[in-house]
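See below for the structure under consideration.
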Amino acid sequence: MPWKKITTISIARIGIIAALYAAVTFLLSAISFGPLQVRAAEALTLLPILYPEAILGLFLGCLIANLLGPFGAVDIVFGSLTTLAAAIVTYHFRHSIIAYLSPILLNAFIVSLYLYAFFRIPYWPTVLTIGIGQSIAVLALGVPILRLLKARQDRLGN
């Protein structure tokens with residue numbers, strides 16, 4: 001993992017992020033799964049910009065959410081790994097626009113690919129709809145959350 005020292009705060013942050021991701025996905029489950037989705041919990045995918053431990057929290061939260069989702073093992077494995085990959089890319093490119101684009105593009109292309117491969121849901125329309133949903137979650141919800149947390153960090157000197 002990208003951090004050197006595991007602290008009580010980082011463990012707590014992992015748990016909080018995982019729980020928030022899973023809870024928001026379940027609360028909004030009607031719009032959180034499938035080819036037409038706005039998974040609001042994906043707003044949290046920008047957190048690795050500030051907190052490296054968010055990588056693990058996002059992966060665990062997505063895994064928990066997908067365990068009870070309608071697409072079964074396919075989504076549990078590939079959806080969770082896609083979120084993990086996006087979180088890692090977001091962390092490594094945290095000073096670049098790539099950090100904001102990775103959760104949008106990886107989910108749009110990879111989730112659409114396995115929905116097509118396993119369920120024959122049309123690929124390109126699904127890339128478009130998942131990309132739009134991800135853009136809403138990441139840019140309209142995630143960016144303001146990130147700005148608030150960054151301002152708080154700056155105020156507290158963290």
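Calculated FRET efficiency, L36 to L67, Cβ-Cβ distance, R0 = 22 Å: about 0.55 to the nearest 0.05.
In this simple spin-label model, placing a label point 7 Å from the Cα along the Cα-to-Cβ direction at both S29 and D154 gives a separation of 4.0 nm.
Taking the helices alone, the chain has a mean residue ellipticity at 222 nm of -18500 deg cm²/dmol, built from -39,500 (n - 2.57) per DSSP H run of at least 4 residues and averaged over all its residues.
Averaging the sequence gap over all C-alpha pairs within less than 8 Å and six or more residues apart, then dividing by the number of residues, gives the chain a relative contact order of 26 percent. Peptides 46-53, 5-12 ordered by packing proxy, namely the average of other Cβ atoms within 10 Å per residue, highest first: 46-53, 5-12. Positive end of the dipole of region 1-139 (Cβ unit charges, origin at the Cα centre): among I130, S96, A40, the Cα lying farthest that way belongs to S96. In a fully extended conformation the segment linking Y116 and I11 would gain 34.2 nm over its present Cα-Cα distance, using 0.36 nm per residue. When you count the other C-beta atoms within 10 angstrom of each residue and take the mean per peptide, 13-21, 64-72 line up highest first as 13-21, 64-72. Given their separation in residues at 0.36 nm each and the Cα-Cα distance between them, H92 and L50 gain 14.0 nm when the chain is fully extended. Based on the alpha-carbon gyration tensor of the chain and its eigenvalue square roots a ≥ b ≥ c, which shape applies: rounded if a/c is under 1.5, prolate if not and a/b is larger than b/c, or oblate? Note, shape of the chain comes out prolate.
Readers should treat all values here as calculations from the given coordinates under stated rules, not as data from a laboratory. This one's a predicted model, so the numbers in the text were calculated from it and none came from an experiment. Because the Cβ atoms are built from the backbone with ideal geometry, glycine has one as well, and the counts that use them run over all protein chains shown.
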